[in-house]
Structures are given as C-alpha cells and as structure tokens.
Amino acid sequence: MVSDKDGRQLSSSQVLIKLQRRIGAVWLEFTTGFLWWGVGELPLHHVRRFFYRLAGVKIGQGSTVHMRVRLYDPRNIRIGKDSIIGERVVLDGRAPLTIGDHVDIATGAMIFNSQHNIHDPNFTATEAAVQVGDYVFIGPNAIILPGVTIGKGAVIAAAAVVTKDVEPGTVVGGVPAKFLSNRGVDQLHYHLGRARWFQ
C-alpha cells in the first residue's frame with residue numbers, strides 16, 4: 001500500500017489521481033518558469049505577448065506586458081484592452097484574475113489570489129478571485145491580496161497593501177490600505193498609449 005505525506009493509506013485510484021495532479025503541477029512549473037526566465041527577459045513586446053497568449057493569458061488589444069513580469073498559472077489571467085502591466089509585476093492566476101480596460105499597473109506591484117491560512121494547523125492554501133476595474137491605477141510596489149475587488153477608476157497608492165474591496169473612484173493608501181480621498185474625476189475616457197516595443 002502507498003501512503004500520503006500524513007501517513008494515510010491510499011487506494012490505487014487515489015494514487016493515480018495524485019500522480020496526475022503531480023504531473024500537472026510539474027508541467028505548470030515548467031511553463032511558468034519558461035515564461036519568467038525565457039520570455040520575460042526578451043526585450044521584444046510583441047514576442048512576449050505572443051507567448052503569454054499561447055500559455056493561456058487573455059490579453060486585450062493594445063495592452064502591454066513589460067519585461068520581467070511573473071505569472072502564476074497564466075490560464076486564469078485576463079487583461080482587458082489598452083492596459084499596461086509594468087516591469088517586475090506579479091500576476092497570480094491560481095484563481096481567476098480579471099484586469100479591466102485602460103488599467104495602469106506600475107513597476108513592482110503584486111496581485112495575489114492565493115495565500116495560506118495561518119489559523120489552520122495544516123497551513124492549507126486558500127484561493128479567491130481578484131477583479132480590477134477599468135481605469136484603475138495601481139502604484140509601484142502595491143500589494144493586492146486575494147478576494148479583493150477594485151472598483152472602476154480607483155487609485156492604489158505606492159506600497160499600499162489592499163486587504164479589502166476598494167470603492168470606485170477612490171484613492172487608498174497605507175498598510176493596510178485605507179480611504180484617502182476621492183479621485184475627483186467623473187468621466188474617465190483616456191487611452192494609455194502604445195507599447196514600448198523594446199521594454
């Protein structure tokens with residue numbers, strides 16, 4: 001008989017399921033590693049976008065993914081049109097991640113949708129979808145945690161840690177992020193511009 005890491009006996013069908021999951025996990029690790037260390041270092045925007053789409057990322061027309069972006073499970077990541085993902089951004093696709101149109105995510109920002117439950121004796125992982133509305137700006141080195149929805153036109157200040165939903169048109173900042181002000185713009189209709197092809 002085969003046992004799992006906790007010493008429980010496994011049936012042959014359970015062993016087969018675990019083996020299939022392990023092979024899938026290793027393949028995903030290979031894919032994300034290739035995207036990080038191979039594709040992410042290429043200074044050619046169009047080539048990177050081709051490989052990200054091939055890996056399953058849905059990228060809207062005119063959107064840019066800059067160099068050294070880290071993707072976790074690209075199949076669950078959707079980026080709208082005319083959005084910019086800055087250098088060294090982390091996009092977590094272990095649960096659905098939806099980024100709207102005309103979104104600007106600055107260098108070093110991290111969006112997570114999986115974390116460990118520190119109150120669980122087995123330290124299990126929990127996952128929750130993240131949604132980023134249209135015209136959102138996420139400042140440099142900000143962190144968005146699982147389950148958060150950021151409303152249309154909201155602004156996340158640099159280095160903020162967002163642990164709960166952000167209302168549309170508001171500016172939040174701090175650790176944890178709190179309301180700072182309203183953005184003060186009723187009609188948003190700008191375009192972020194063309195991609196820097198060699199960055």
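Figures for the structure shown
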| read-out | value |
| --- | --- |
| Residue list for region 38-64, filter: among the hydrophobic types (A, V, I, L, M, F, W, C) and closer than 18 Å to residue 131 by Cα | 57, 59 |
| Complete set of residues in region 111-154 that are surrounded by fewer than 23 Cβ atoms within 10 Å (Cβ to Cβ), outside any loop (DSSP other than H, G, I, E, B) and either of a type outside the set (A, V, I, L, M, F, W, C) or in contact with a Leu (Cβ under 9 Å, 6 or more places away or on another chain) (or both) | 114, 115, 116, 126, 127, 131, 149 |
| The listed residue being under 30 Å from residue 191 (Cα atoms), touching a residue at least 60 places away in the same chain (Cβ under 8 Å) and touching a Lys or Arg at 6+ places or on another chain (Cβ under 9 Å), out of 46, 66 | 66 |
| Any hit, region 31-47, residues being among the β-branched types (Val, Ile, Thr) and over 30 Å from residue 6 (Cα atoms) | yes |
| Subset of region 4-43 [in contact (Cβ under 8 Å) with a residue 12 or more places away in the chain and more than 25 Å from residue 79 (Cα to Cα)] | 4, 15, 18 |
| Positions within region 74-107 being closer than 20 Å to residue 25 by Cα, among the charged types (D, E, K, R), surrounded by fewer than 21 Cβ atoms within 10 Å (Cβ to Cβ) and in contact (Cβ under 8 Å) with a residue 24 or more places away in the chain, in sequence order | 94 |
| The lone exception for residue 191 - which of (1) surrounded by 14 or more Cβ atoms within 10 Å (Cβ to Cβ); (2) in contact (Cβ under 8 Å) with a residue 24 or more places away in the chain it fails | (1) |
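Per-residue answers, yes or no, for (1) of a type in the set (A, V, I, L, M, F, W, C); (2) modelled with pLDDT of 95 or more:
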{"site": "92", "(1), (2)": "no, yes"}
{"site": "98", "(1), (2)": "no, yes"}
{"site": "110", "(1), (2)": "yes, yes"}
{"site": "117", "(1), (2)": "no, no"}
{"site": "152", "(1), (2)": "no, yes"}
{"site": "160", "(1), (2)": "yes, yes"}
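The values are calculated or read from the model by the stated rules, or taken from the named source; none is laboratory data. As the structure is a computational prediction, the values presented were derived from the model and not from experiment. Ideal geometry is used to build each Cβ from the backbone, glycine not excepted, and the neighbour counts take in all protein chains shown.
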